[in-house]
Amino acid sequence: MARQRINATDLAKMLNATSQPVYVLDDEMFVVFYNRACHKWLGPAAAGLLDRQCRYHSAQEVTGPDAVAAGLCPPPEVMECQKVTATVSRSSDEQPVRRRATFVPLGTSAEDLIGIVAILDPVDLDSGTRADLDVETVSPGEEDPAGLHERVRRFHDEAAGRYRVDRLIGDSPAMRRARAQIELAAGSRASVLLVGPPGCGRQHAAAAIHYAAHGKSGGSLIPLDCAALGADAIRSKVRALAGGDVLGEHSARSTLVLSHADQLPADVQGELWVVLFGKRFPLRVIATAEQPLHELAQGGEYRADLAASLATITIELPPLTQRREDLPLLAQLFLEEANSRSAGQHGGFSAEALDLLDAYGWPGNVDELAQAIAAAHRAAAGPQIGAEDLPQRIHLAAAAAKVPPRVEETIVLDEFLGQIERELIGRALRRAKGNKAKAARLLGMTRPRLYRRLVQLGFEKD
Amino acid sequence: MDDPAVTKEADALARRVLLSDGAEAARLIVCEHGGRWAVGLRRELAGEDVPICETRSLASCWETLGASPAGLVVVELTTANVDELLGRLAGLDRDLPLARVAVVADRRLAGYEWLMREAGAVHFVGSPRQLGPLAEVARRHLDQAPARRRSVTEQIWSSLPWGGR
C-alpha cells in the first residue's frame, strides 16, 4: 500500500474553504497560520499577524499586531494539553468583538505539545443572531481573557491616579523629604525598604514608587504579606515570579512588594536572598517594615545579607505625631474622599473638632485618621464635621489626658475577696442543686460553717 | 527611629483601639455559593478551635465581617462577582483595616490571581489541593488577631470554676 503523503498546500486549501475562522499557534504561541475566514473576521488588523506571539497585554500602548495577537490568546489550560472552549476578541472602533473558540492542543502532554489549533464559531457572541451563543450560556467560571485584560487595564488606570506621588500629602519637612526620596527611588531599579509604624503609608509609598516609575502602562504591583503568609506560600510565589512565565514580558515593569518584611519567617530568608538577589530576578523589589532590617540583623534576628540587599535605598515614613502640621490637610483630604463616595456632603471641620483631632495620639497613624474621618462623615448631619461627630475614642483620649494616668490597677482586697466568696458559694449551691451538704463539700468547708457564711452574706436569714 | 519595644506597644495599642465597642472575636468567614471550600477548610482545620461562618453573597459576607472586623474572609471568585469583589477589596484598608481577604477560584479563573493580589487579596487559591497553605494563612491571621485586654480582676473572675450564671 502506498504511503499517504500529507500535502501542506491541499491542507491549506481545505482550511481556507471553510467559513469558520481557524488559526494555528506553535508551542510557543506564535501564530503560524490563519485561514481566509479568520483573515476576513480580523479585517485589516490581520496584517502582520503571522509570527506574532499571543501574550496577554494590559498595557494601553500595545497596539497593532501585538494587540490583535493578545485578543487571540488561548487559556493556559490549553498549554497543558486540554481541549478548552473560551472566548477570543478582536478590537473594533466601539468595543471588542468576541467569538467563542475551541482550542485543540496538538500533543498528548504539556511536554510534547507542538501546537494549538483554534477553531472559531461562525458568528460573533455579541451579534445576538443565535440564541445558543448568547453570553449567558457561557458556563459560569469560564475564563474570559478579554474580560481580564480590560479589568487589569481599568485597575491600573485607577491605581496610577490614586497613588501619584503628589497624593502623599504633607508640607512637613519629614514628608517633603520622603516624597523626594520616593521620586528618586522611582528613577532607579534599586531595591527599596520603606520603614515606619503601622498606618503611616508604607503600602501607599510602595505603590507611588511603582506608578511613578512605570505609569499606568507598567506591569503589576504584587504584594506578598510576609506576616500573613507562611514560609511555603511565600517561597512558592516568589519562585513562580522568578521564573518569568507568570507575568511574561511585563515582569521587567512589575514590582514585588514584601510587606512586613521584618516578619519574614527565618526558614525562608536564605532562599529568598538567593532567588531575589543571587540570580536575575525579573521584578523590582520593594520591602516594608516597622524597623530597619539592619537593626534586626545586628541583633541576630535577621539575615544580614538579605537585610542589606533589601535596603539599597531606605525611606523612613514618619508617624503622624511627628507631622502634626499636616493633620488639617490630611483630614480635609479624607473628608473630600468621603464626600466623593457618598451623597452626604460636608465642607470642613469645626474648630473644636480640629482641636480634638490635634490632641489625639493617633497610634494608628494616617490610616486611623482616614477611618476616623470616614466614621465622622457618616455620623455628621450638618454642613461641618463637629466635635460630637468624631469617634468616641478620640473624646475619651482627650478626657483621659486631663487626669493623671493610673499607672497600676488597684484592687480593694477585702471587697474583692468578699465578691469572690459570694460568687463561689452561689455557684457551688447551684451546682449542688441547693443541697447545702454537697455545696459545703465542694467548697471544702463544714456544713455548719457554710450555714454561718450564708447568713453573714445575706443568702439566708438567721 | 523609635525604640522597637515602644513601636510594638504602639502597634498593639493601635490594634486594640481599632477593635472596640463590642466587636466580636475574629472569625473565618467563607463566602461561596456551594459549600465545597468551607467543607475543605473544615477538614484542614479539624480539631482546631477555629470559628468558621458560611455566607452565600458578598453583601452578607461583608455584613458578617462588620461584626467581626478582624476576621479573615475566604471568597469564591466567579465571573459574576469579579467587579464587586474588586470594589470591596478597594475599600478594605479604609473600612476594615484589620480584616484580610483570601480568594479561592476554579482553575479556569487562575489568571485573575495577580490582579486579585494587587487589589488587596492576601492569598489566592486556584485548586482545592491548595487548601493546606490557605489553612495556614487562616491560622496565622487568627493567631495575630487582637483580643480585648482584660484586667486582673476580669482574669481572676473568668478563671473561677463551675461556670457563671
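Summary of computed values
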item: Any hit, segment A:69-87, residues being at pLDDT 80 or above, part of a helix (DSSP H, G or I), exposed (fewer than 13 other Cβ atoms within 10 Å of the Cβ) and not aromatic (Phe, Trp, Tyr); result: no
item: For residue B:129: the one exception among (1) modelled with pLDDT of 80 or more; (2) at the interface with chain A (Cβ under 7 Å from one of its Cβ atoms); (3) in a helix (DSSP H, G or I); result: (2)
item: Any helices (runs of 4 or more DSSP H) falling wholly within segment B:53-126 and containing at least 1 residues that are in contact with a Ser or Thr (Cβ under 6 Å, 6 or more places away or on another chain) and open to solvent by less than 40 Å² (accessible area, probe 1.4 Å); result: B:58-67, B:113-119
item: Search result, residues across segment A:1-26 that are open to solvent by 100 Å² or more (accessible area, probe 1.4 Å) and modelled with pLDDT of 85 or more; result: A:13, A:14
item: Residue count, segment A:293-308 (criterion: open to solvent by less than 30 Å² (accessible area, probe 1.4 Å) and within 27 Å of the chain's Cα centre (by Cα)); result: 5
item: Residue within segment A:228-249 that is more than 20 Å from the chain's Cα centre (by Cα), in contact (Cβ under 8 Å) with a residue 24 or more places away in the chain and over 29 Å from residue B:74 (Cα atoms) present; result: yes
item: Every residue from segment A:375-390 that is surrounded by fewer than 20 Cβ atoms within 10 Å (Cβ to Cβ) and closer than 27 Å to residue A:168 by Cβ; result: A:375, A:378, A:384
item: From A:246, A:257, residue being in contact with a helix residue (DSSP H, G or I) (Cβ under 8 Å, 6 or more places away or on another chain), of a type in the set (A, V, I, L, M) and open to solvent by 10 Å² or more (accessible area, probe 1.4 Å); result: A:246
item: Contacts under 6 angstrom Cβ, first residue in segment B:47-73 being among the small types (Gly, Ala, Ser), partner surrounded by fewer than 18 Cβ atoms within 10 Å (Cβ to Cβ), 6 or more apart; result: B:67/B:24; B:68/B:24
item: Members of segment A:255-279 found to be without any contact (Cβ under 8 Å) to a residue 40 or more places away in the chain and among the polar types (S, T, N, Q), listed by number; result: A:263, A:269
item: Sole exception among (1) within 26 Å of residue A:28 (Cα to Cα); (2) open to solvent by 10 Å² or more (accessible area, probe 1.4 Å) for residue A:241, by number; result: (2)
item: Residues (open to solvent by 50 Å² or more (accessible area, probe 1.4 Å) and in a helix (DSSP H, G or I)) located in segment A:36-54; result: A:36, A:39, A:40, A:44
item: Unique match (being facing chain B (nearest Cβ under 9 Å), touching a residue at least 40 places away in the same chain (Cβ under 8 Å), open to solvent by 40 Å² or more (accessible area, probe 1.4 Å) and not hydroxyl-bearing (Ser, Thr, Tyr)) among A:203, A:181; result: A:203
item: Pick from segment A:338-354, criterion of a type outside the set (Lys, Arg) and out of contact with any helix residue (DSSP H, G or I) (no Cβ under 8 Å at 6 or more places or on another chain), ranking: surrounded by the most Cβ atoms within 10 Å (Cβ to Cβ); result: A:347
item: Cβ-Cβ under 8 Å pairs, at least 6 apart or on other chains, segment B:133-151 side closer than 14 Å to residue A:231 by Cα and of a type in the set (Asp, Glu), far side at pLDDT below 90 and open to solvent by 40 Å² or more (accessible area, probe 1.4 Å); result: B:136/A:232
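The values are calculated or read from the model by the stated rules, or taken from the named source; none is laboratory data. The structure displayed is predicted, hence computed values, not measured ones. No Cβ is skipped: glycine too gets one built from the backbone with ideal geometry, and neighbour counts run over all protein chains shown. Calculation scope for accessible area: heavy atoms of the full protein, side chains included, ligands and nucleic acids excluded. Shrake-Rupley method; radii C 1.70, N 1.55, O 1.52, S 1.80 Å.
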